[in-house]
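To start, the structure itself, in structure tokens.
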């Protein structure tokens with residue numbers, strides 16, 4: 001598996017874990033362990049997202065670094 005695919009999968013995994021934990025926190029708002037896990041997932045996802053974008057370019061339109069649509073010339077991030 002190449003680095004681009006691996007980073008994409010890690011971003012997706014941590015994003016899903018964060019979303020799932022956020023749903024849990026909706027019904028368990030005082031669970032400190034879940035809140036700590038949620039924050040860890042966001043930090044990990046953001047770190048992998050920054051690494052992906054520094055190596056391969058923007059993953060989303062909102063994260064364009066050079067303010068150009070240069071990401072249109074390559075396969076979409078989910079086309080790996």
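Looking only at residues of region 49-79 that are at pLDDT below 70, surrounded by 12 or more Cβ atoms within 10 Å (Cβ to Cβ) and within 15 Å of the chain's Cα centre (by Cα), we find that the one that is farthest from residue 10 (Cα to Cα) is 64. Restricting to region 1-48, give me the number of residues that are surrounded by 12 or more Cβ atoms within 10 Å (Cβ to Cβ) and in contact (Cβ under 8 Å) with a residue 12 or more places away in the chain. Qualifying residue count for the region: 20.
The values are calculated or read from the model by the stated rules, or taken from the named source; none is laboratory data. Keep in mind it's a predicted model, so treat the numbers as computed, not measured. So basically every Cβ, Gly included, is an ideal-geometry build from the backbone, and we count neighbours across all protein chains shown.
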